[in-house]
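Working notes, structure below.
The values are calculated or read from the model by the stated rules, or taken from the named source; none is laboratory data. Please read these numbers as outputs of a predicted model, since none were measured by experiment. For neighbour counting, all protein chains shown are included, and Cβ atoms are generated from backbone atoms with ideal geometry for every residue, glycine included. Side chains are part of the model used for accessible areas, which takes the heavy atoms of the whole protein and leaves out ligands, DNA and RNA. Shrake-Rupley method; radii C 1.70, N 1.55, O 1.52, S 1.80 Å.
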Amino acid sequence: MTDQPPRRTALTRSLDWVERTGNALPDPVTLFAILIVLVVIASVLAAGAGVSVPHPGTGDVVVAKSLLDSDMIQRLLVEMPRTFTSFAPLGYVLLVMLGVGVAEKTGFLTAALRGLVSNVSPRLLTAALVFAGIMSSLAVDAGYVVLIPLGAALFMGAGRHPVAGLAAGFAGVAGGFSANLVLTPLDPLLAGLTQEAAQLTAPGYVVDITANYYLMIALVPLFVLVGTWVTERLVEPRLPAWRSTITPEATDKADIAGMERRGLQAALMAILIVIGATAALAWAPGYPLRGADGSFLPLMRSLVAIMFIAFLLAGIAYGVAIRVIRSDKDVVRYMSDSMADMGVYIVLAFVAAHFIAMFKWSNLGVISAVVGADGLRSLGIEGSPLLVGLILLAAIINILVGSASAKWAFLAPIFVPMLMLLGLSPEATQAAYRIGDSSTNMITPLLPYFPLILVVGKRYDANFGIGTLVATMLPFAIAFGVSSTLLFVIWMAMGLPLGPGVPSVF
């Protein structure tokens, strides 16, 4: 339950306007349907005008395609089931929620969060959540599915507004996607594209996966501090006071007695078994969760499935211990109920999947990226100002094209060779791109997980819409973008290495 918020400042009034404007838009499902219509119209006009650009990597001509052409209509209808089911977040979300649903319906998550909140300093909760979000990129997109809903629940358990917890988790996961204390699956992906682009100018040039490692480490504490400050100074003051449904007496107990404690012990044992089995399967090169070359890539790609198993087994163990699960029928019922709760998300995912697919089929995303890059190059600026321009360009294009690797596949062949000729290393260009690309993840409706976050927000605020989410996350996007850009400029000015043996100049 919420009370009236405090008096608004000029900043919060501006964000209120963003929220009202955004929420005045139609339902997200309808909005994506409208966007589909607009993309169809834009594709027809662009194709009719003969809009085309040369592919910066291959030199092939990329032509705008009308979505009303016979082959495009055929493709839409024939591939509709596959377009929906191949929507990347759909499988992740539903799989994890099958396990999380059992853990939630049995009461395991509530009990675990209550115990956790009673033993965590409130002063550290926000920072810990932002940090966990940043580190979640180790599991690729698992942070979106698990950590953001968990952040909302943690804040609610601590008597704070759950939307603030959602925002802090979202900021860490999305805004901090390119920062980490260890290498993530994104590092080899981008390094490979950067290397191919660099070899257009310098054949044989090698870009290591550690190309931006030092800078990415430095961004972690920066994002934790900035994310914590924005959450507690800008986001929470805009939100009404939250009255927790957990009574102070229950929250203040350090020891949850009796049956509930036995349930938590059983759940912990199940989680430890999953961790042990995972370690055994990744123990040595050639094992199921370990590559033949010794890499942990199979383990990283399996984390979503492992999370599903961990939540499922923990929920079952807890339910059996407290006697809310008495047969297999109870487990199936809990899993079915959790899928029923995801109905809104499934409908939204269907429309969002088709919008993203049709935007890609029309080639408008590629054309926008290439035109924007050419425009930036034509300005004639050099050095760090050009890198800042690249950061801004990547941030803007990210609102239209969500995939980090897809954008870099088109931008790298343009900017990497060009900046090499100006004395800037390919690794520096890649770092600039990563900073810009992640800063606007939080405010683009084209983020594949945007619909999921809207659904989570509606659990705590029936009026939570696109405007609410964008207004809540806009301060994070600006703060993360500005602070990381300033750090990068200072880093370049001081000539610090971007990674092991990687200079900022070429």
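The accessible area of residue 161, taken with all protein chains in place and a 1.4 Å probe, comes to roughly 20 Å².
Using heavy-atom solvent-accessible surface (probe 1.4 Å) with all chains present, what is the largest-first order of 242, 408? Before the final figure, lay out the partial values.
Numbers: 242 40, 408 0 Å².
Descending accessible area places them as 242, 408.
Descending by average beta-carbon neighbour count within 10 Å, the peptides 489-496, 348-355 line up as 348-355, 489-496, the highest first. Solvent-accessible surface of the range 261-320, taken per residue with a 1.4 Å probe and all protein chains present: 55 Å². Rolling a 1.4 Å probe over the protein chains gives residue 329 an accessible area of about 150 Å². How many percent of the accessible area of the range 448-506 is carbon or sulfur, using a 1.4 Å probe? Carbon plus sulfur share of accessible area: 74 percent. Sorted on the mean count of surrounding Cβ atoms within 10 Å across their residues, most packed first, peptides 336-343, 210-217, 432-439 read 432-439, 210-217, 336-343.
Please report the carbon-and-sulfur percent of the accessible area for the range 142-226; probe 1.4 Å, protein heavy atoms only, DNA, RNA and ligands left out. Display every interim value, and only then the final one.
Values: 1700 of 2430 Å².
Carbon with sulfur: 70 percent of the solvent-accessible area.
Of all lysines in the structure, those lying under 28 Å Cα to Cα from residue 105, and not within fewer than 8 positions of it along the same chain, are 253, 329, 458.
The accessible area of residue 440, taken with all protein chains in place and a 1.4 Å probe, comes to roughly 20 Å².
At 0.36 nm per residue, minus the direct Cα-Cα distance, what do residue 52 and residue 279 gain on full extension? Give it in nm, one decimal, please. Intermediate values should be presented prior to the final figure.
Numbers: separation 227, 0.36 × 227 = 81.72 nm, distance 5.08 nm.
My answer for the length gained is 76.6 nm.
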